[in-house]
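Heads up, the thing below is written out as structure tokens.
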Amino acid sequence: MTSKRPGAGSAARDGDSSNDPEGPTSLDRQPRAVVSVIAWPDPVIDRVGHDPRSAYVERYWLGVLGPSCVLLARTLADRLEAEPDGFTLDVAECAQSLGLGTGVGRHAPLSRTITRLTQFGMAQRYGRDGLALRRHFPPLSPHHLARLPAGLQRAHEAETMATARLRPDAA
């Protein structure tokens, strides 16, 4: 037989304290987690790089960064295009819209995705709750290119050569 502690009913188990006789907890009173997102301009990469929504990023960066990073970068790029001065991102809402749950903690899927974008230099944190996203992703480095399957490596080389022929300044 199990004993039932006060407040240990289904509402307390589910994290819903609205019916709790002791009232809302501090978690219920916390504001929603938000991140201030701005563009990260880089004159060199902006000239030779690729828009996060481009076929190049989907085809080549996807295998390096992973689908969550590419999808988040595309989502943020869309918002930055509509709001070029930056915007406030509701973390839980964004995570849920990308299919990454609603967690907002350090180990939540969206937090790990943001960390990965920063580790690969596609974004950088600023201040306490800020994120700057590159307007363009750089061309793949040889190190990152080596992580892709041989067929994609050959396709990347052919695409790079074709682009260099069309745009001598892109070399």
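The values are calculated or read from the model by the stated rules, or taken from the named source; none is laboratory data. It should be emphasised that the depicted structure is a prediction, and the values quoted were computed from it without experimental measurement. For neighbour counting, all protein chains shown are included, and Cβ atoms are generated from backbone atoms with ideal geometry for every residue, glycine included.
Here are the numbers for this structure:
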read-out: Failed item, numbered, when Val37 is tested on (1) surrounded by 15 or more Cβ atoms within 10 Å (Cβ to Cβ); (2) assigned to a helix (DSSP H, G or I); value: (2)
read-out: Members of segment 105-136 found to be touching a Leu at 6+ places or on another chain (Cβ under 9 Å) and either part of a loop (DSSP other than H, G, I, E, B) or aromatic (Phe, Trp, Tyr) (or both), listed by number; value: Ala108, Phe120, Met122, Arg135
read-out: Some residue of segment 137-156 being closer than 26 Å to Thr75 by Cβ, touching a helix residue (DSSP H, G or I) at 6+ places or on another chain (Cβ under 8 Å) and assigned to a strand (DSSP E or B); value: yes
read-out: Candidate set from segment 55-87 (those that are of a type in the set (Gly, Ala, Ser), part of a helix (DSSP H, G or I) and touching a helix residue (DSSP H, G or I) at 6+ places or on another chain (Cβ under 8 Å)); member that is surrounded by the most Cβ atoms within 10 Å (Cβ to Cβ); value: Ala73
read-out: Qualifying residue in segment 102-111 (condition: in contact with a helix residue (DSSP H, G or I) (Cβ under 7 Å, 6 or more places away or on another chain), closer than 30 Å to Ser141 by Cβ and at pLDDT 95 or above); value: no
read-out: Cβ pairs under 6 Å, 6+ apart, first in segment 64-82 and closer than 12 Å to Val37 by Cα, second surrounded by fewer than 17 Cβ atoms within 10 Å (Cβ to Cβ) and among the aromatic types (Phe, Trp, Tyr); value: Arg79/Phe87
read-out: Some residue of segment 90-100 being part of a helix (DSSP H, G or I), at pLDDT below 95 and charged (D, E, K, R); value: yes
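Each row is one residue, and each column tells you yes or no for (1) free of Cβ contacts under 8 Å to residues at least 40 places away in the same chain; (2) within 16 Å of the chain's Cα centre (by Cα); (3) within 25 Å of Glu159 (Cα to Cα).
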site: Val37; (1), (2), (3): no, yes, no
site: Arg53; (1), (2), (3): yes, yes, yes
site: Pro84; (1), (2), (3): no, no, no
site: Val104; (1), (2), (3): no, yes, no
site: His107; (1), (2), (3): yes, yes, no
site: Gly121; (1), (2), (3): yes, yes, yes
site: Arg128; (1), (2), (3): yes, no, no
site: Leu131; (1), (2), (3): no, yes, no
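Condition check ((1) closer than 24 Å to Asp46 by Cα; (2) hydrophobic (A, V, I, L, M, F, W, C)) across all residues:
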site: Ala82; (1), (2): yes, yes
site: Leu89; (1), (2): yes, yes
site: Pro109; (1), (2): no, no
site: Thr115; (1), (2): yes, no
site: Gln124; (1), (2): yes, no
site: Ala146; (1), (2): yes, yes
site: Ala155; (1), (2): yes, yes
